[in-house]
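S.K.: Handing you this structure, nothing more for now.
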Amino acid sequence: MYLKSNDLFKETCPEKIYDRIPRPIIIADQLLTPDNMGSMIRLADNIGASEMCFLGIAPTHSLSKVRKAAASSKDNIKWYYTEENDLRKIVGDKTIVAIETSDDAECIYDSELPNDIAFVVGNESRGIREEILCQCDKIVYIPVPGPTRSLNVSHAAAVALFEWQRQMIVGG
């Protein structure tokens, strides 16, 4: 029998995970597409992140599209744009984990993810800028077995965030 998600989660209380670990921060490096930005805000709200940070200049001409794509999540979570490129100023002592394909990346499923985390995702076509990537404490990739080997930025973030959540639940 179909059960509304709010009813299911009212019983299982998945938000209790944050009684014992800090909420993650999500950072997106120079995203271009309003739909992707809105999807990232929605995902940050879904996972219970403390904030969603967009590196770069706010797209004033399409901010309404970002808000529309984010739906009700736009009011549920702190999200902002910043031209700051020093990740430590944004995340403090959190472990910064990039979701990126790179020579020194490890498979996310083989990687032990920290509980106090900030995830970084990159631009839709160029990925994470080198000046941002070099500030990350760890780089993970998601194995993609199909013929199209790249994931949409919000899909990649969702896989990583829910793998992190799974590890926090199993390890906790």
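The values are calculated or read from the model by the stated rules, or taken from the named source; none is laboratory data. Values in this document were obtained by computation on a predicted structure and should not be read as measured data. Methodologically, a virtual Cβ is constructed for each residue, glycine included, from the backbone with ideal geometry; neighbour enumeration extends over all protein chains shown. The area values use the complete protein model at the heavy-atom level, side chains included, leaving out ligands, DNA and RNA. Shrake-Rupley method; radii C 1.70, N 1.55, O 1.52, S 1.80 Å.
S.K.: Among residues belonging to region 120-135 that are touching an Asp or Glu at 6+ places or on another chain (Cβ under 9 Å) and either open to solvent by less than 20 Å² (accessible area, probe 1.4 Å) or part of a helix (DSSP H, G or I) (or both), point out the one that is nearest to residue 17 (Cα to Cα).
M.R.: Per the stated criteria, the residue is 120.
S.K.: Could you check region 136-158 and list, in sequence order, the residues that are part of a helix (DSSP H, G or I) and open to solvent by less than 50 Å² (accessible area, probe 1.4 Å)?
M.R.: If the condition is that a residue be part of a helix (DSSP H, G or I) and open to solvent by less than 50 Å² (accessible area, probe 1.4 Å), then 153, 154, 156, 157, 158 are the ones that fit.
S.K.: So which residues in region 1-56 are of a type in the set (Phe, Trp, Tyr) and closer than 16 Å to residue 164 by Cβ?
M.R.: Selection gives 18 alone.
S.K.: Still on this model: Test each condition in (1) open to solvent by less than 40 Å² (accessible area, probe 1.4 Å); (2) not in a helix (DSSP H, G or I) for residue 17 and report the one that comes out false.
M.R.: Unmet condition: (2).
S.K.: Of the numbered conditions (1) open to solvent by less than 70 Å² (accessible area, probe 1.4 Å); (2) at pLDDT 95 or above; (3) on the phi < 0 side of the Ramachandran plot, residue 112 fails exactly one; give the number of that condition.
M.R.: Unmet condition: (1).
S.K.: Could you look through region 54-66, keep only residues that are assigned to a helix (DSSP H, G or I) and of a type in the set (A, V, I, L, M), and pick out the one that is surrounded by the fewest Cβ atoms within 10 Å (Cβ to Cβ)? Working first, answer last.
M.R.: Step one: filter region 54-66 for residues assigned to a helix (DSSP H, G or I), giving 60-66.
From what's left, of a type in the set (A, V, I, L, M): 63, 66.
Working: 63: 13, 66: 24.
If we take residues in region 54-66 being assigned to a helix (DSSP H, G or I) and of a type in the set (A, V, I, L, M), then 63 is surrounded by the fewest Cβ atoms within 10 Å (Cβ to Cβ).
S.K.: With respect to residue 51, is the statement that it is modelled with pLDDT of 95 or more, surrounded by fewer than 22 Cβ atoms within 10 Å (Cβ to Cβ) and closer than 27 Å to residue 21 by Cβ true?
M.R.: The answer is yes for residue 51.
S.K.: Is region 83-96 home to any residue that is over 14 Å from the mean Cα position of the chain (by Cα), in contact (Cβ under 8 Å) with a residue 60 or more places away in the chain and outside any loop (DSSP other than H, G, I, E, B)?
M.R.: yes
S.K.: Residue 6 passes all but one of (1) open to solvent by 20 Å² or more (accessible area, probe 1.4 Å); (2) part of a loop (DSSP other than H, G, I, E, B); which number fails?
M.R.: (2)
S.K.: Residue by residue through region 151-172, note down the ones that are touching a residue at least 40 places away in the same chain (Cβ under 8 Å) and under 22 Å from residue 32 (Cβ atoms).
M.R.: Residues satisfying the conditions are 152, 153, 154, 156, 157, 158, 159, 160, 161.
S.K.: Only residues that are open to solvent by 70 Å² or more (accessible area, probe 1.4 Å) and under 20 Å from residue 77 (Cα atoms): list them for region 21-35, please. Let's see the steps before the verdict.
M.R.: If we filter region 21-35 for residues that are open to solvent by 70 Å² or more (accessible area, probe 1.4 Å), which is where we start, we get 23, 32, 35.
Listed by number, the residues that qualify are 23, 35.
S.K.: Continuing with the same structure: From the list 69, 98, exactly one residue is open to solvent by less than 60 Å² (accessible area, probe 1.4 Å) and farther than 26 Å from residue 169 by Cβ. Which is it?
M.R.: 69
S.K.: Follow-up. Which residue pairs have Cβ atoms closer than 8 Å, lie 6 or more positions apart in sequence or on different chains, and pair a first residue in region 117-133 that is within 17 Å of residue 89 (Cβ to Cβ) and acidic (Asp, Glu) with a second residue that is open to solvent by 70 Å² or more (accessible area, probe 1.4 Å) and assigned to a strand (DSSP E or B)?
M.R.: That search, which allows pairs on different chains as well, returns nothing.
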